[in-house]
Amino acid sequence: MLRSARPDEIPLLADLWLRASLRAHDFIPAEFWVSHRDAMAAEHLPEADELLVLEAEGRLIGFAALNGERLEALFIDPEVQSYGYGSRLMAEAMARHRRLTLCVFSRNVRAVSFYRRLGFRELEERLEPLTGEAETLMLWER
């Protein structure tokens, strides 16, 4: 089931974010992700304009956080990745908007390829200030 997140689910989503971030971004020290988990739960997720969750068999398995036309986060539980759940969340986000932008770590080749398959195009590469890693700004328009 795809629906809006409830406030009491934020800690679970932050834990999912941490597990997925550690798996997808092994080129960034794990301590970075662990040290940002509380800010994700206290600030970033609650402040999202739209926080969509995907639930299966009573368990949260993914989420998308959007602020206006910007996709701030898309994360799927590592245990159930590659089953189309990310595409399902993105289809909903794309149905709600005529245009979306996002930034993705350039070294996360799997994610860059995923967004390309959905029709996003690369606009620029720049440095993400907190990690010093290259990130790619991408755009999708209907």
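The values are calculated or read from the model by the stated rules, or taken from the named source; none is laboratory data. Here the structure is a predicted model, which means the values were calculated and not measured. Note that each Cβ is placed from the backbone with ideal geometry, even for glycine, and that neighbours are counted across all protein chains shown.
Numerical summary
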quantity: Qualifying residue in segment 117-134 (condition: closer than 20 Å to ALA20 by Cα, surrounded by 19 or more Cβ atoms within 10 Å (Cβ to Cβ) and in contact with a strand residue (DSSP E or B) (Cβ under 8 Å, 6 or more places away or on another chain)); calculated: no
quantity: Considering residues of segment 75-98 that are closer than 15 Å to LEU118 by Cα and free of Cβ contacts under 8 Å to residues at least 24 places away in the same chain only, the residue surrounded by the most Cβ atoms within 10 Å (Cβ to Cβ); calculated: ALA91
quantity: Test for GLU9: is it among the charged types (D, E, K, R) and without any contact (Cβ under 8 Å) to a residue 60 or more places away in the chain; calculated: yes
quantity: Criterion violated by GLN81 - all others in (1) modelled with pLDDT of 95 or more; (2) over 24 Å from ARG142 (Cα atoms); (3) not small (Gly, Ala, Ser) satisfied; calculated: (1)
quantity: Candidate set: segment 130-142, residues that are more than 18 Å from the chain's Cα centre (by Cα) and not in a strand (DSSP E or B); chosen: the one nearest to HIS97 (Cα to Cα); calculated: ARG142
quantity: Answer from LEU18, LEU22 - the residue that is crowded, with 18+ Cβ neighbours inside 10 Å and either of a type outside the set (A, V, I, L, M) or at pLDDT 95 or above (or both); calculated: LEU18
quantity: Test: ALA65 is small (Gly, Ala, Ser), buried (at least 18 other Cβ atoms within 10 Å of the Cβ) and out of contact with any Lys or Arg (no Cβ under 6 Å at 6 or more places or on another chain); calculated: yes
quantity: Which numbered condition SER35 fails, given (1) farther than 26 Å from GLU125 by Cα; (2) loosely packed, with under 13 Cβ neighbours inside 10 Å; calculated: (1)
quantity: In segment 87-128, residue farthest from the chain's Cα centre (by Cα) [restricted to those that are in a loop (DSSP other than H, G, I, E, B) and closer than 21 Å to ILE61 by Cα]; calculated: LEU118
